[in-house]
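Engineer: If you scroll down you'll find the structure; I have some questions about it.
Just so you know, all these numbers are worked out from the coordinates, no wet-lab data involved. Bear in mind that the values here come from a model prediction, so they are computed numbers and not experimental data. Reconstructed Cβ throughout: ideal geometry from the backbone, glycine too, with neighbour counts over all protein chains shown.
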Amino acid sequence: MTAELWYLYVVKCSDDTLYAGITTDPDRRLKEHNESNKGAKYTRARRPVSGLTILGAFTKVGDALRAEKKFKSLSRREKIMYINEA
């Protein structure tokens, strides 16, 4: 049995802000952010979102959550540098 991967991703919102999250299916999640009520409240008010970038893949959800928390604690400048290195 193959372990499910959890992905840390970031998207750019229409107001030029960044939104980071985790998911097991990045393409589905991007579609949810743009087209459904399943997208985050933050992104629903800032559609469309674009520029999906995968920042990491993890075998454990806890590891993905910790990476998300660490990424969200960065300054915008640090986030952009991190994205550019991904």
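Engineer: Give me the lysines in straight-line cross-link reach of LYS79: C-alpha distance below 24 Å, same-chain residues under 8 apart excluded.
Structural biologist: Filter leaves LYS12, LYS31, LYS41, LYS60, LYS69, LYS70.
Engineer: Right, next: Tell me the mean residue ellipticity at 222 nm calculated for the chain from its helices only (DSSP H runs of n ≥ 4, each -39500 (n - 2.57), averaged over every residue, nearest 500).
Structural biologist: -12000 deg cm²/dmol
Engineer: Let me ask you something else. Taking a cut-off of 13 Å between Cα atoms, list the aspartates and glutamates near LYS72, but don't count ones fewer than 8 places away on the same chain.
Structural biologist: none
Engineer: Within the set of other residues whose C-beta is less than 13 Å from the C-beta of GLU4, count the net charge using Lys and Arg as +1 and Asp and Glu as -1.
Structural biologist: Residues near GLU4 contribute -1 overall.
Engineer: Let me ask you something else. Placing +1 on the Cβ of each Lys and Arg and -1 on the Cβ of each Asp and Glu in the chain, which of LEU55, ILE80, THR43 has its Cα farthest towards the positive end of the resulting dipole?
Structural biologist: Checking the options against the dipole of the chain, the answer is THR43.
Engineer: Please work out the FRET efficiency for the pair TYR82 and ASP15, using the Cβ-Cβ distance as r and a Förster radius of 25 Å; give the result to the nearest 0.05.
Structural biologist: Approximately 0.80, to the nearest 0.05.
Engineer: Follow-up. Regarding the chain, what are the three Cα extents along the principal axes, ordered largest first, in Å?
Structural biologist: Dimensions of the chain along the principal axes of its Cα atoms: 39, 30, 18 Å.
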